[in-house]
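First the structure, in the form of structure tokens, and then the observations on it.
Please treat every number below as a calculation from the coordinates, not as lab data. Fair warning: this is a prediction, and the values are worked out from it, not measured in the lab. Heads up, the Cβs are rebuilt from the backbone with ideal geometry, glycines too, and the neighbour counts pull from every protein chain shown.
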Amino acid sequence: MKKHYSISKDSQRNHREVHTMGCKYQPDIYHREYLGFFSSSDEAAAEATQKHGQACMCKYCCSGQVEDLQL
Ligand SMILES: [Zn+2]
């Protein structure tokens with residue numbers, strides 16, 4: 001099932017985290033960016049990494065994927 005994903009924008013810490021829309025741990029609307037519609041959190045994280053250089057996945061909403069995807 002495809003889901004919408006967003007990414008947090010935290011320029012101060014340069015820490016970006018991928019969330020599904022609806023995750024209660026995602027930041028408020030001013031601190032997140034719409035990422036797109038993906039069939040898995042891996043795809044969303046790959047897109048986020050391509051756009052922003054690094055991203056990690058929310059451990060609460062991204063299906064148990066907790067590894068950092070820092071390249
Ligand atoms: Zn989340």
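Overview of values
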| read-out | value |
| --- | --- |
| Segments 53-60, 3-10, 35-42 sorted - mean Cβ within 10 Å per residue, highest first | 3-10, 53-60, 35-42 |
| FRET E, pair Ile29, Lys2, Förster distance 22 Å, beta-carbon r, rounded to 0.05 | 0.55 |
| Cα→Cβ-extended label distance, 7 Å offset, between Asp10 and Lys59, nm | 1.3 nm |
